[in-house]
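Have a look at the structure below, then the notes.
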2 protein chains.
Amino acid sequence: MRKNDIKPWVLRYEDVEEFYCSADVVICGYGGAGASAALEARRAGADVLVLERASGGGGATAMSSCEMYLGGSGGTAVQKALGLEDSTENMIAYLSECFGPNGDAEKIRLYAQGAAAHFDWAESLGVPYKREAIYERAVEPFGDESLLFTGNERAYPFNRVATPIPRGHVPSREGNQGGKVFMQALMARVEAEGVRVQADARVTALLQDDAGRVRGAVVKIEGRECAVEATRGVILSAGGFVMNSDMVADHAAHVLPYATPYGSPGDLGDGIQMGIAAGGNTVNMSEVFLSLAIYPPAKLTHGILVNAQGQRFINEDAYLARLAHYAVQQERQEVYLLVQNEDYEPSLYMERLRIAGTGDTIAEVEAEAQLPEGSLQATVAYFNRHAQQGEDPLFHKAPEWLKPLDKPPFALVSYCPREVKYPMGNERGYVMFTLGGLETLPTGEVLTAGGAVIPGLYAAGRTSAGLPRTASGYASGMSVGDATFFGRLAGKQAATR
Amino acid sequence: MRKNDIKPWVLRYEDVEEFYCSADVVICGYGGAGASAALEARRAGADVLVLERASGGGGATAMSSCEMYLGGSGGTAVQKALGLEDSTENMIAYLSECFGPNGDAEKIRLYAQGAAAHFDWAESLGVPYKREAIYERAVEPFGDESLLFTGNERAYPFNRVATPIPRGHVPSREGNQGGKVFMQALMARVEAEGVRVQADARVTALLQDDAGRVRGAVVKIEGRECAVEATRGVILSAGGFVMNSDMVADHAAHVLPYATPYGSPGDLGDGIQMGIAAGGNTVNMSEVFLSLAIYPPAKLTHGILVNAQGQRFINEDAYLARLAHYAVQQERQEVYLLVQNEDYEPSLYMERLRIAGTGDTIAEVEAEAQLPEGSLQATVAYFNRHAQQGEDPLFHKAPEWLKPLDKPPFALVSYCPREVKYPMGNERGYVMFTLGGLETLPTGEVLTAGGAVIPGLYAAGRTSAGLPRTASGYASGMSVGDATFFGRLAGKQAATR
C-alpha cells in the first residue's frame, strides 16, 4: 500500500493487493462507544471485528464512574421505583437549554425518547443498579446509591425552563468503580456473542474507494500494517483528542493557559483525522468539558465565588463544569471562594488549595488577598442584604444555599485555574476533555461539509460531536450516556447496510 | 472529470484529459491577499493567472477603509515623519499580548520585522498617505490623516507590556474610501505588469496528483467547468467563511445568538474547504472579530459599561472588538453604557440605540432599566469614589477617561447584542467576521495536521489563519495588513518553486 505524507489517513481501496482479513463491520476503538456498537451490530446479524490500540478494551468509559444521564418516557426503572416521574418533553426542554446554539436538536430528541429504554439495556448486561437515590448536591454517590442529580437541574436558569429531576444513573458499587464494572459486563457480553476483538491493533488509515465509499481500514499489528476489509461499514470510536496537544492548540488554543488534559491515553484524535481525510466534516471542535469542583462537600456552596475584581459572576449552585466555564471567561481568569468558618471544609476533588486570605472581617480578607480595596466588601454587603431575605437578585442562587456571610472567621480560597491541581490532571489547571468531532447523523453516519453521507463510514463517542456540546450545559453522565446510546445506533445502522 | 458528493473539492490530476489553459501560478480570489500575491509572483518572473468569482476584484479589502496595522523597524515613513519612533521589539511585545495562546509567534515576528517596508510597498503603488496623524480615540480618521491609534495600545493591560504608539495607516482620502483607492491602485499595477485576470470565474475544486502535489484547479466559466494547470502552485485567497452560515454554525455556534455577518458576499469558505480536501489542516476556526462600537464619539468612553447585574466587566477604553469579546461572555449577554448628560451623544457606528433608563439619580435609572435593586448604585458609588482620585482599581481604565458620574441627568444605553443594529450587518447583533482558516507557514505553504507542507498549495488572507486571532486582541488594520503582507510572501514563494 502506498502512503504519502500529505494524506496518510486514507488510502485507495483499489490499490489494496491483499486483505489480511474481512468482516461485515469493523470497529476502531473498544471503549464505551465501540463496545456498544459491536454488540448491536452483532445482534443485527453482522460479523463484527473490533480493533483496539491498547492491550485491552475500556477506553475513557472504564476510567469513569460510568454515570449515564438518563430519563424521559415517564421515567427509567430506577426513577419509577423511587416514585419519580420524568417526561420526554421535560428532558428535551432541559437538554435544549443546556447546549443552546451548540446543541443538535435531533440528537437531543432521539436521546430523550430512548434514554429510559437505554437504561434497561444497560441493566440487562448484568450491571447492578440499586433503586436508591441521593438527593444532596454531589457529583457521584458516596455510598451505593444509583441515582442522583448530576447537572444544573435545580439551578438557575435551568430550573425556570424544566422541572428538576435526578437523571444521573450509576452502577451500584462503592468506590466509584462503575466504569470498570460496566465495561467488564459489556465486553463479556460482546465477546460471548461472537464479536472478534483484536487488541494491540492500531488503525492507521481508512480504505476508501474512488466513489467515496469506505470499505476497510489499515491496521498495525505486531509492527506490520495490513488491510482489513469491511463489507458493510467502518465505525470510528477511537475517543476524542484531548491527549493530542497539537490538535488542542489548533482548535481550542484558548484553553492552554487554564486547562489540563483528562482522558484515555488513546484520545489522540486519530479517529477524527481519519474521518476528515475521508471527507468528513468536523463540528464543535473548540468546545471542552471543564471542571471547577468547589463541591463536594456541598456546604461550600454557601460561599460565594468572586473574580479578581471581587465580583460574583455566576450562581454558585451550578454544576462544576458551568462554574468553570464562567470562571475562565473572567478578564483575569482568577477565581476565589469566600466561605465562612461553619461552611468550610477542603474540596474533595482538588488537591490542597491556596488560602488567599483569612480574617475576622471581610476587609481583612480583602486586604490579605490583595483584592481591590472595598471591592469584596461591597460584594458581600450586597449579597448579605438580599440573602437575609432568601434572595439573590444578581444570579438567582437557589434559596437553600443563601445565607448571609456574617459568621467569622472567613477564608478566601483560591480556585484560580493556574494554581489548582486535580489528582487526575497532568498539570495544574481545570481538568478538561474535548466535545467536538466528526459531524454525524444520529445513526452515526458521517457527513461531509455539504451534508452528504459518506457511505460505509460511522462515528460515535468523542470521535463524533454527540449530545454534550459545552461545559456551560454539561452534566455528569452525558458522555457515557451519549457514547453508549449513539454507539448502539451506529452499530445497528452499520450492520444493516 | 469525475466528481462525487463525498469529495467534491478535490479531483485527481491524473484524471484530467484536457486543460483549458495553464499558468505558473494560479490564484483563487482577487481581493487584497490575491492581488498582492499576484503582483509579487509576477515580479518574481512567474506567469500568473487570477481567477475571481465575482465580476470584478476587490474582495473584503475594497469594502474596508484599508487600514493597515504597521510599525516596527524604527518606524514607518509616516511614523518617522511625525517624529514617532517604533521598534520591532515593541511591536512584537504588543502583538504577542494581543493574541496570547492563539497567536502565531513566527508570523508575529516576521510581520513586525517587515511591516515598515510593507508600508513603502503600499505607498509605491501610488496610494496616497499623508504625513499627519490624529491622536484621539477613533477607529478611522474623520479627516484626511493617515495615522492613528486603532487598537488597545493605550489601554490596560497592553500599556503595561508595550509602549503605546499609533500604527493604523490609512490611505489619505476623506470619506473612508481607502479600500477602493488601494485596490484600484493595486489592481491597476497587477494588470499593467502582465498578470492575467479572469473574472466571473469560480474555482470549484483543486487538482491534486496521487503523490499529494496540487497541480491546478477546476474553474467554472460561463457555466462550463474546465481544468486549469498550475505548473508551480495554486494560491487560495478566497476570503473567510462568514457568509456561510453552516460553517459558522459548525465552528463557532456560540456566535449565533449575538453576531451578524460582515464581509464580502464571496466569503463562503470555498477556499478553506478546498484546502481541507487537499489534506490541509485548519486552525483557530472558532474565533471571530466582533464589534461593540460605543465610540466614536470618544467622549462616551467616560461612561461605564455594565452587565445585567449592573457590574462593570472591562476597562471601557479598550478597542471595540475587545469590548465585544467580554460583553458576550457575560452570563446573560446583556450590556449597557451608563453615561451622564455632558458626555452623551449617539454612537456613530450603530443605528439608533434603545435607552434602557434615564433619571436624575442612579436609583431612578436602575429602576427604570429593571436592573437588580441597588446593583448599579453600588457600582457607581465604587467607581466614583476611585475616579475622583484618578484611579480604577478594578479594570485600570486610563486616567484621562476617569471622572465621577455625578452630573445628572444620566442615561443607560442598551448595547445588548440582540438589540443593536449596525448599518453593515445583515441582522441585529454585533458585526463579525471569521479569524480561522488553513494552517500555513509564513510563506503561505499549507500544512497538514501532521506538519507536512502540501506541495504546490498556498493560502493567504482570511482563507488562512493569519496574524489576527481573537477579538480580544484585534486592532483595525490587522486584517488588511496581514492579507497583503502574507499575500505577498505567498506570491513570492509560489513563483520560485
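Among the candidates A:ASP392, A:ASP406, which residue alone is over 35 Å from the mean Cα position of the chain (by Cα) and in contact (Cβ under 8 Å) with a residue 24 or more places away in the chain? Explain how you work it out, then say what you get.
Numbers: A:ASP392 fails: over 35 Å from the mean Cα position of the chain (by Cα).
After applying the criteria, what remains is A:ASP406.
Do the conditions hold for B:THR204, that is, is it away from every other protein chain (no Cβ under 14 Å), among the polar types (S, T, N, Q) and over 22 Å from the mean Cα position of the chain (by Cα)?
Values: away from every other protein chain (no Cβ under 14 Å): no; among the polar types (S, T, N, Q): yes; over 22 Å from the mean Cα position of the chain (by Cα): yes.
Taking the combined requirement at face value, the residue does not satisfy it.
Show the residue pairs meeting these rules: Cβ distance below 6 Å; 6+ apart or different chains; first residue within the range B:124-141 and aliphatic (A, V, I, L, M); second residue in a loop (DSSP other than H, G, I, E, B).
Matching pairs, first to second residue: B:VAL127/B:PRO171; B:ALA133/B:LEU82; B:ALA133/B:GLU145; B:ALA133/B:PRO166; B:ILE134/B:PRO141; B:ILE134/B:GLU145; B:ALA138/B:PRO296; B:VAL139/B:SER476.
Going by the conditions given, is B:GLU391 acidic (Asp, Glu) and within 13 Å of chain A (Cβ to nearest Cβ)? So that I can check it myself, show each step before the final result.
Working: acidic (Asp, Glu): yes; within 13 Å of chain A (Cβ to nearest Cβ): yes.
Here the answer is yes, as B:GLU391 does meet what is asked.
Residue by residue through the range A:394-409, note down the ones that are more than 14 Å from every other protein chain (Cβ to nearest Cβ) and closer than 28 Å to A:VAL431 by Cβ. Quick ask: steps written out before the conclusion?
Of all residues in the range A:394-409, those more than 14 Å from every other protein chain (Cβ to nearest Cβ) come to A:398-409.
Residues satisfying the conditions are A:ALA398, A:GLU400, A:TRP401.
Can you name every residue in the range A:39-58 that is among the aliphatic types (A, V, I, L, M) and either assigned to a strand (DSSP E or B) or out of contact with any helix residue (DSSP H, G or I) (no Cβ under 9 Å at 6 or more places or on another chain) (or both)?
Step one: filter the range A:39-58 for residues among the aliphatic types (A, V, I, L, M), giving A:39, A:41, A:44, A:46, A:48-51, A:54.
Answer for the range A:39-58, where residues must be among the aliphatic types (A, V, I, L, M) and either assigned to a strand (DSSP E or B) or out of contact with any helix residue (DSSP H, G or I) (no Cβ under 9 Å at 6 or more places or on another chain) (or both): A:VAL48, A:LEU49, A:VAL50, A:LEU51, A:ALA54.
Could you pull out the residue among B:ALA321, B:ALA308 that is within 14 Å of chain A (Cβ to nearest Cβ), small (Gly, Ala, Ser) and either surrounded by fewer than 24 Cβ atoms within 10 Å (Cβ to Cβ) or within 23 Å of B:PHE158 (Cβ to Cβ) (or both)?
On the way: B:ALA321 fails: within 14 Å of chain A (Cβ to nearest Cβ).
Only one candidate passes the filter, namely B:ALA308.
Only one of these conditions is not met by A:ASP267: (1) surrounded by 24 or more Cβ atoms within 10 Å (Cβ to Cβ); (2) more than 20 Å from A:PRO468 (Cα to Cα). Which number is it?
Going through (1) surrounded by 24 or more Cβ atoms within 10 Å (Cβ to Cβ); (2) more than 20 Å from A:PRO468 (Cα to Cα) one by one, A:ASP267 breaks only (2).
Taking A:TYR382 as the residue in question, decide whether it is of a type in the set (Ser, Thr, Tyr) and facing chain B (nearest Cβ under 10 Å).
Details: of a type in the set (Ser, Thr, Tyr): yes; facing chain B (nearest Cβ under 10 Å): yes.
Taking the combined requirement at face value, the residue satisfies it.
Of everything in the range B:461-479 that's within 14 Å of another protein chain (Cβ to nearest Cβ) and not β-branched (Val, Ile, Thr), which residue is nearest to B:GLY32 (Cα to Cα)? Talk me through it step by step, then tell me what you get.
Keep residues of the range B:461-479 that are within 14 Å of another protein chain (Cβ to nearest Cβ), which gives B:464-465, B:468-473.
With the extra rule that they be not β-branched (Val, Ile, Thr), the set shrinks to B:464-465, B:468-469, B:471-473.
Details: B:SER464: 13, B:ALA465: 15, B:PRO468: 15, B:ARG469: 18, B:ALA471: 21, B:SER472: 24, B:GLY473: 22 Å.
Applying the filter and picking the extreme gives B:SER464.
Check whether at least one residue in the range B:420-429 is more than 12 Å from chain A (Cβ to nearest Cβ), assigned to a strand (DSSP E or B) and either among the hydrophobic types (A, V, I, L, M, F, W, C) or more than 17 Å from B:LEU337 (Cα to Cα) (or both), and report yes or no.
Taking the range B:420-429 first, the residues more than 12 Å from chain A (Cβ to nearest Cβ) are B:420-429.
Filter again for assigned to a strand (DSSP E or B), leaving B:421, B:428.
Cutting the leftovers down to either among the hydrophobic types (A, V, I, L, M, F, W, C) or more than 17 Å from B:LEU337 (Cα to Cα) (or both) gives us B:428.
Yes: the range B:420-429 contains one or more residues that are more than 12 Å from chain A (Cβ to nearest Cβ), assigned to a strand (DSSP E or B) and either among the hydrophobic types (A, V, I, L, M, F, W, C) or more than 17 Å from B:LEU337 (Cα to Cα) (or both).
Looking at (1) under 19 Å from B:TYR422 (Cα atoms); (2) within 13 Å of chain A (Cβ to nearest Cβ), which one does B:PRO297 not meet, given that it meets all the others?
With respect to (1) under 19 Å from B:TYR422 (Cα atoms); (2) within 13 Å of chain A (Cβ to nearest Cβ), B:PRO297 is out only on (2).
Would you mention how many residues in the range B:115-148 are within 20 Å of the chain's Cα centre (by Cα), at pLDDT 95 or above and under 16 Å from B:GLY179 (Cα atoms)?
4
So A:GLY45 fits all but one of (1) buried (at least 20 other Cβ atoms within 10 Å of the Cβ); (2) small (Gly, Ala, Ser); (3) not assigned by TED's automatic domain parsing to the domain that holds A:GLU153; what number is the exception?
The single condition A:GLY45 does not satisfy is (1).
Of everything in the range B:228-247 that's under 16 Å from the mean Cα position of the chain (by Cα) and among the aliphatic types (A, V, I, L, M), which residue is farthest from B:ARG462 (Cα to Cα)? Lay out the reasoning, then the answer.
Taking the range B:228-247 first, the residues under 16 Å from the mean Cα position of the chain (by Cα) are B:237-243.
Subset that is among the aliphatic types (A, V, I, L, M): B:238, B:242-243.
Working: B:ALA238: 8, B:VAL242: 10, B:MET243: 12 Å.
Looking at residues that are under 16 Å from the mean Cα position of the chain (by Cα) and among the aliphatic types (A, V, I, L, M), I get B:MET243.
Under 8 Å by Cβ, and 6 or more places apart or on different chains, what pairs join a residue from the range B:278-291 that is within 17 Å of B:VAL214 (Cα to Cα) and facing chain A (nearest Cβ under 7 Å) with one that is surrounded by fewer than 24 Cβ atoms within 10 Å (Cβ to Cβ) and polar (S, T, N, Q)?
B:GLY279/B:THR448; B:ASN281/B:THR448
Within the range B:446-486, track down each residue that is touching a Gly at 6+ places or on another chain (Cβ under 9 Å) and part of a strand (DSSP E or B).
Within the range B:446-486, B:VAL446, B:LEU447, B:ILE454, B:PRO455, B:GLY456, B:LEU457, B:TYR458, B:ALA459, B:SER464 meet the criteria.
Kindly check whether there is at least one residue in the range B:210-220 that is more than 14 Å from chain A (Cβ to nearest Cβ) and surrounded by fewer than 20 Cβ atoms within 10 Å (Cβ to Cβ).
So the first thing to find is which residues in the range B:210-220 are more than 14 Å from chain A (Cβ to nearest Cβ), and the list is B:216-220.
Pick out the ones that are also surrounded by fewer than 20 Cβ atoms within 10 Å (Cβ to Cβ) and you get B:220.
For the range B:210-220, residues more than 14 Å from chain A (Cβ to nearest Cβ) and surrounded by fewer than 20 Cβ atoms within 10 Å (Cβ to Cβ): present.
Just one of B:GLU97, B:GLU106, B:GLU52 is in the same structural domain as B:VAL161 (by TED's automatic domain parsing), farther than 16 Å from B:ASP482 by Cα and out of contact with any Ser or Thr (no Cβ under 9 Å at 6 or more places or on another chain); which is it? Let's see the steps before the verdict.
Details: B:GLU106 fails: farther than 16 Å from B:ASP482 by Cα; B:GLU52 fails: in the same structural domain as B:VAL161 (by TED's automatic domain parsing).
Going through B:GLU97, B:GLU106, B:GLU52 in turn, just one is in the same structural domain as B:VAL161 (by TED's automatic domain parsing), farther than 16 Å from B:ASP482 by Cα and out of contact with any Ser or Thr (no Cβ under 9 Å at 6 or more places or on another chain): B:GLU97.
Kindly indicate which of B:VAL242, B:VAL234 is buried (at least 20 other Cβ atoms within 10 Å of the Cβ), touching a Lys or Arg at 6+ places or on another chain (Cβ under 9 Å), part of a strand (DSSP E or B) and more than 12 Å from chain A (Cβ to nearest Cβ). Before the answer, list the steps.
Details: B:VAL242 fails: part of a strand (DSSP E or B).
One residue alone meets the criteria, B:VAL234.
Go through the range A:63-91 and count every residue that is surrounded by fewer than 24 Cβ atoms within 10 Å (Cβ to Cβ) and in a helix (DSSP H, G or I).
Qualifying residue count, the range A:63-91: 7.
Kindly indicate the residue of the range A:4-18 that is more than 10 Å from every other protein chain (Cβ to nearest Cβ) and surrounded by 14 or more Cβ atoms within 10 Å (Cβ to Cβ) and also nearest to B:ALA211 (Cα to Cα) among those meeting that condition. Working first, answer last.
Quick first cut of the range A:4-18, residues more than 10 Å from every other protein chain (Cβ to nearest Cβ) only: A:11, A:13-14, A:16-18.
Filter once more, keeping what is surrounded by 14 or more Cβ atoms within 10 Å (Cβ to Cβ): A:11, A:13, A:16.
Values: A:LEU11: 12, A:TYR13: 16, A:VAL16: 17 Å.
Across the range A:4-18, the extreme among qualifying residues is A:LEU11.
Quick check: anything in the range B:78-88 under 26 Å from B:ASP267 (Cα atoms) and within 26 Å of the chain's Cα centre (by Cα)?
Restricting attention to the range B:78-88, the residues satisfying the condition of being under 26 Å from B:ASP267 (Cα atoms) are none.
The answer is no, given that none of the residues of the range B:78-88 is under 26 Å from B:ASP267 (Cα atoms) and within 26 Å of the chain's Cα centre (by Cα).
Restrict the check to the range B:466-475 and report whether at least one residue is buried (at least 24 other Cβ atoms within 10 Å of the Cβ) and farther than 17 Å from B:TYR69 by Cα.
no
State which residue is farthest from B:VAL288 (Cα to Cα) when the search covers only the range B:245-268 and only residues that are facing chain A (nearest Cβ under 10 Å) and assigned to a loop (DSSP other than H, G, I, E, B).
Per the criteria, the residue is B:PRO257.
For the range B:353-379, name all the residues that are surrounded by fewer than 21 Cβ atoms within 10 Å (Cβ to Cβ), in contact (Cβ under 8 Å) with a residue 24 or more places away in the chain, away from chain A (no Cβ under 14 Å) and not acidic (Asp, Glu).
Passing the criteria: B:LEU353, B:ARG354, B:ILE355, B:THR358, B:GLY359, B:THR361.
The values are calculated or read from the model by the stated rules, or taken from the named source; none is laboratory data. Fair warning: this is a prediction, and the values are worked out from it, not measured in the lab. In this analysis, Cβ positions are derived from the backbone assuming ideal geometry, glycine residues included, and neighbour counts consider all displayed protein chains.
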